[in-house]
1. Is there a residue being under 21 Å from Asp39 (Cα atoms), within 13 Å of the ligand (Cβ to nearest atom) and part of a helix (DSSP H, G or I) anywhere in region 142-152?
2. Out of the residues in region 94-140 meeting the condition of being under 16 Å from Gly20 (Cα atoms) and open to solvent by 10 Å² or more (accessible area, probe 1.4 Å), tell me which one is farthest from the chain's Cα centre (by Cα).
3. Does region 184-195 contain at least one residue that is at pLDDT 95 or above, more than 14 Å from the chain's Cα centre (by Cα), in a helix (DSSP H, G or I) and closer than 29 Å to Ile245 by Cα?
4. Out of all the residues in region 4-23, which are under 18 Å from Pro69 (Cβ atoms) and in contact with a helix residue (DSSP H, G or I) (Cβ under 9 Å, 6 or more places away or on another chain)?
5. Collect the residues in region 141-167 that are touching a helix residue (DSSP H, G or I) at 6+ places or on another chain (Cβ under 8 Å), free of Cβ contacts under 8 Å to residues at least 40 places away in the same chain and under 20 Å from Val74 (Cα atoms), keeping them in residue-number order.
6. Here is a list: Thr53, Thr48. Which entry is of a type in the set (S, T, N, Q), away from the ligand (no atom under 16 Å from the Cβ) and modelled with pLDDT of 95 or more?
7. Name the residues in region 155-171 that are within 11 Å of the ligand (Cβ to nearest atom) and in a helix (DSSP H, G or I), would you?
Amino acid sequence: MTMSWTGDPVWLADVLREAGLRVIEHDGWRDRGHGDFADLRGVLCHHTAGGGTDDWRIVQYGRPDLEGPLAQLVLERDGTFRVIAAGVCWHAGRGSWPGWPTNNANYHVIGIEAVSRGDGTDWTPAQLDAYKRGCAAILRRIGRTADDCVAHREYSTEGKIDPAGIDMDEFRRDVQAFIDGEDAPMSAAEVNQIQDFITAFCGPIGSDVKDIREQLCGQSQRDAGQYAGWPQLGNRTVVDALADIYTRLQRLEH
Ligand SMILES: [Zn+2]
């Protein structure tokens, strides 16, 4: 039996940011919602069926027939997540999925409304990449696998079609790879961090040749010829860390 996170996901913004994603926190999001979650069991994926820069307004404020918020997160076309609410939102409707309570998913899953016309043809690469990374970060946080990353159309018994144009088997494979930290190409933010790191590292090496061995290998027991690596590199030497970066950059090119 899988342990479930209990309580509202007040960590949403932090978890997404830690995954290298851009986040906009809407005022009052931690207190917005239709009551508190029971426990968290997964993520339900939607499209807005709008496609514009104002789609989030309906998600936050609702429609004449349905009071907002309608989902915890909105995913913009450039891959930015808007954090709308930490409480329960009205997005799931009637339906079922293994391990989720039938017709009651709103109290157990986080809804992501991705901005799209809804015809399956306008997803951007940045948006799809962020969609998978965001789902993975949330599922990892609540101790679940990609099996609990579900399309509204898979869950719904009300004829939903969203998110249109996304192959969920392929989507879940990629999400699980992100959860596992394997074969996960880097985000733009990660590439920038690595470039900053290399720039910062090459300064001291160039300015003081005597310390090159220490810079490369870490300080501990260097006189004995044993190197502990650098704590900030996961106790790897610079060569091992760069090899890891190089491998991941190669994957980016595919
Ligand atoms: Zn939906």
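1. Filtering region 142-152 down to residues under 21 Å from Asp39 (Cα atoms) leaves 142-152.
Filter once more, so that each one left must be within 13 Å of the ligand (Cβ to nearest atom): 150-152.
Now restrict to residues that are part of a helix (DSSP H, G or I): 152.
Yes: one or more hits.
2. As a first pass, look at region 94-140 and keep what is under 16 Å from Gly20 (Cα atoms): 125-140.
From the residues that got through so far, the ones that are open to solvent by 10 Å² or more (accessible area, probe 1.4 Å) too are 125-126, 128-129, 132-133, 140.
Values: Pro125: 15, Ala126: 12, Leu128: 11, Asp129: 9, Lys132: 6, Arg133: 3, Arg140: 9 Å.
Selected residue: Pro125.
3. If we filter region 184-195 for residues that are at pLDDT 95 or above, which is where we start, we get none.
No.
4. If we filter region 4-23 for residues that are under 18 Å from Pro69 (Cβ atoms), which is where we start, we get 7-13, 16, 23.
Answer for region 4-23, where residues must be under 18 Å from Pro69 (Cβ atoms) and in contact with a helix residue (DSSP H, G or I) (Cβ under 9 Å, 6 or more places away or on another chain): Asp8, Pro9, Val10, Trp11, Leu12, Ala13, Leu16, Val23.
5. Ala146
6. Numbers: Thr48 fails: away from the ligand (no atom under 16 Å from the Cβ).
Unique residue meeting the criteria: Thr53.
7. Of everything in region 155-171, just one residue is within 11 Å of the ligand (Cβ to nearest atom) and in a helix (DSSP H, G or I), namely Tyr155.
The values are calculated or read from the model by the stated rules, or taken from the named source; none is laboratory data. What you see is a predicted model; the values in this text were computed from it and never measured. Quick reminder, even Gly has a Cβ in these numbers, built from the backbone with ideal geometry, and neighbours come from all protein chains shown. Each accessible area value is taken on the protein alone, full model and side chains, heavy atoms only, with ligands, DNA and RNA left out. Shrake-Rupley method; radii C 1.70, N 1.55, O 1.52, S 1.80 Å.
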